[in-house]
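Trainee: Could you have a look at this structure, given as structure tokens, before my questions?
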Amino acid sequence: MPEDGAAMVISVSVPELPGDPAPEHVVAYATLVAIVRDQRLRQRFWARTRTGEEFIAYRNALLEGGVGEVCELARPLVRAGRQPGPGPLLDRFVEVHAATRGTRDSPAFRRALARTGAADRSPGLHRYWELVGEITGEDVTVGEAHSWLLDSLHRAVTPRESR
């Protein structure tokens, strides 16, 4: 991953504690550490990333292809408490992923993308991003916006009775 891409991912994923952290910041940070140490969650991420260089190239292309911009556009919807679901923003999110993979949006592609993003939708990851916001003071983190988009995708491809 290029240095600037890696720095961006780390800056939004690993918050720095304030210089003189309040007790709630320390507790939030300790909880972040506990979440990332969860062996089941780590195994799910490891299984998804075993493709190594191919996965890294894909992540770089996503960043360059506009996934961050789509996450930024999702932040106001998350902030407003809008429920995840189908819509133009989800369509754009899927289009970025499809273009990055050199394919087209289709029901089969959406189902495959939803399976790939399942680890990012876990309750532990949702809590992780909430805690990042508590530490940084962000009302909606980029991770929460990304999770909202993945939740939207999941709702769009999963029959109502299976949710």
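Trainee: Only Cα pairs under 8 Å and at least 6 apart count here; give the relative contact order of region 62-163 as a rounded whole percent.
Mentor: Value for region 62-163: 41 percent.
Trainee: In addition: In a shell of Cβ-Cβ distance under 15 Å around residue 104, excluding residue 104 itself, what net charge do Lys and Arg (+1) and Asp and Glu (-1) give?
Mentor: On the way: positive: 92, 101, 110, 111; negative: 91, 95, 105.
Value of the local net charge: +1.
Trainee: With a 10 Å radius around each residue's Cβ, average the other Cβ atoms per peptide and rank 89-99, 131-141, 14-24, highest first.
Mentor: Result, highest mean Cβ count within 10 Å first: 89-99, 131-141, 14-24.
Trainee: For every other residue with a beta carbon closer than 10 angstrom to the beta carbon of residue 122, add +1 if it is Lys or Arg and -1 if Asp or Glu, then tell me the sum.
Mentor: After counting each charged neighbour, the total is +2.
Readers should treat all values here as calculations from the given coordinates under stated rules, not as data from a laboratory. Worth saying up front: this structure is predicted, and the values here are computed from it rather than measured. Cβ sites come from the backbone with ideal geometry, for glycine too, and all protein chains shown count toward neighbours.
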